[in-house]
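The values are calculated or read from the model by the stated rules, or taken from the named source; none is laboratory data. Worth saying up front: this structure is predicted, and the values here are computed from it rather than measured. Don't worry about glycine lacking a Cβ; one is built from the backbone with ideal geometry, like all the others, and counts go over all protein chains shown.
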């Protein structure tokens with residue numbers, strides 16, 4: 001399980017759902033959708049320290065410029081380690097905010113020419129992230 005630490009910087013509510021903005025660092029804000037509101041979950045308050053949790057299978061990796069991709073949650077890093085398997089491979093990405101692990105089809109690793117030392121962008125959809133109180 002991957003995790004990034006930050007603090008809640010905004011909460012937008014609609015009915016029983018909220019989009020929570022989490023500031024990880026200056027100019028790095030990720031968004032998470034939860035089926036909770038500040039009224040139902042008291043931890044959803046501005047400046048509350050929070051951990052973002054997401055599975056290795058939910059990480060999407062891109063190379064080069066990615067201007068027309070609808071995924072907002074992005075973090076740049078460098079491939080630190082690549083463990084190739086027959087069907088699936090594990091990619092460990094070093095970012096300024098901690099390592100992120102991704103599990104991808106080995107075929108995709110080869111198609112994208114992924115290798116250690118390559119700069120990549122890790123992306124996670126807002127509905128694939130869980131929040132955990134610190």
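Would you please name the residue that is nearest to residue 24 (Cα to Cα), looking only at residues in the stretch 86-105 that are touching a strand residue (DSSP E or B) at 6+ places or on another chain (Cβ under 9 Å) and assigned to a loop (DSSP other than H, G, I, E, B)? Outline the logic, then answer.
First, the residues of the stretch 86-105 that are touching a strand residue (DSSP E or B) at 6+ places or on another chain (Cβ under 9 Å): 87-105.
Next, from what is left, pick out any that are assigned to a loop (DSSP other than H, G, I, E, B): 87, 96-97.
On the way: 87: 33, 96: 10, 97: 8 Å.
Step by step, filter the stretch 86-105, then rank; the result is 97.
Within the stretch 23-41, take every residue that is loosely packed, with under 15 Cβ neighbours inside 10 Å and either free of Cβ contacts under 8 Å to residues at least 24 places away in the same chain or under 19 Å from the mean Cα position of the chain (by Cα) (or both) and give me the one that is nearest to residue 125 (Cα to Cα). Lay out the reasoning, then the answer.
Taking the stretch 23-41 as the starting set, the residues that turn out to be loosely packed, with under 15 Cβ neighbours inside 10 Å are 25-27, 35, 39-40.
Now drop any that are not either free of Cβ contacts under 8 Å to residues at least 24 places away in the same chain or under 19 Å from the mean Cα position of the chain (by Cα) (or both), which leaves 25-27, 35, 39.
Details: 25: 19, 26: 20, 27: 18, 35: 15, 39: 25 Å.
By that ranking, first place goes to 35.
Could you say which residue among 57, 78, 51 is loosely packed, with under 12 Cβ neighbours inside 10 Å, in contact with a strand residue (DSSP E or B) (Cβ under 9 Å, 6 or more places away or on another chain) and in contact (Cβ under 8 Å) with a residue 40 or more places away in the chain?
Values: 78 fails: loosely packed, with under 12 Cβ neighbours inside 10 Å; 51 fails: loosely packed, with under 12 Cβ neighbours inside 10 Å.
Residue meeting the stated conditions: 57.
Quick check on the stretch 106-122. Is at least one of its residues surrounded by 15 or more Cβ atoms within 10 Å (Cβ to Cβ), within 15 Å of residue 52 (Cα to Cα), in contact with a strand residue (DSSP E or B) (Cβ under 6 Å, 6 or more places away or on another chain) and modelled with pLDDT of 95 or more?
Yes.
Among the residues in the stretch 66-73, are any surrounded by 13 or more Cβ atoms within 10 Å (Cβ to Cβ), under 30 Å from residue 17 (Cβ atoms), touching a strand residue (DSSP E or B) at 6+ places or on another chain (Cβ under 6 Å) and at pLDDT 95 or above?
Scanning the stretch 66-73, I find at least one residue that is surrounded by 13 or more Cβ atoms within 10 Å (Cβ to Cβ), under 30 Å from residue 17 (Cβ atoms), touching a strand residue (DSSP E or B) at 6+ places or on another chain (Cβ under 6 Å) and at pLDDT 95 or above, so the answer is yes.
Out of (1) touching a residue at least 40 places away in the same chain (Cβ under 8 Å); (2) under 25 Å from residue 26 (Cβ atoms); (3) not in a strand (DSSP E or B), what's the single condition that is false for residue 67?
Every condition holds for residue 67 apart from (1).
For the stretch 1-22, which residues satisfy the criterion of being farther than 13 Å from residue 51 by Cβ, touching a residue at least 12 places away in the same chain (Cβ under 8 Å) and either in contact with a helix residue (DSSP H, G or I) (Cβ under 7 Å, 6 or more places away or on another chain) or part of a strand (DSSP E or B) (or both)?
Matches in the stretch 1-22: 9, 10, 11, 13, 17, 18, 19, 21.
Could you please find all residues in the stretch 43-59 being over 12 Å from residue 8 (Cα atoms) and either in a loop (DSSP other than H, G, I, E, B) or at pLDDT below 95 (or both)?
Of everything in the stretch 43-59, those that are over 12 Å from residue 8 (Cα atoms) and either in a loop (DSSP other than H, G, I, E, B) or at pLDDT below 95 (or both) turn out to be 55, 59.
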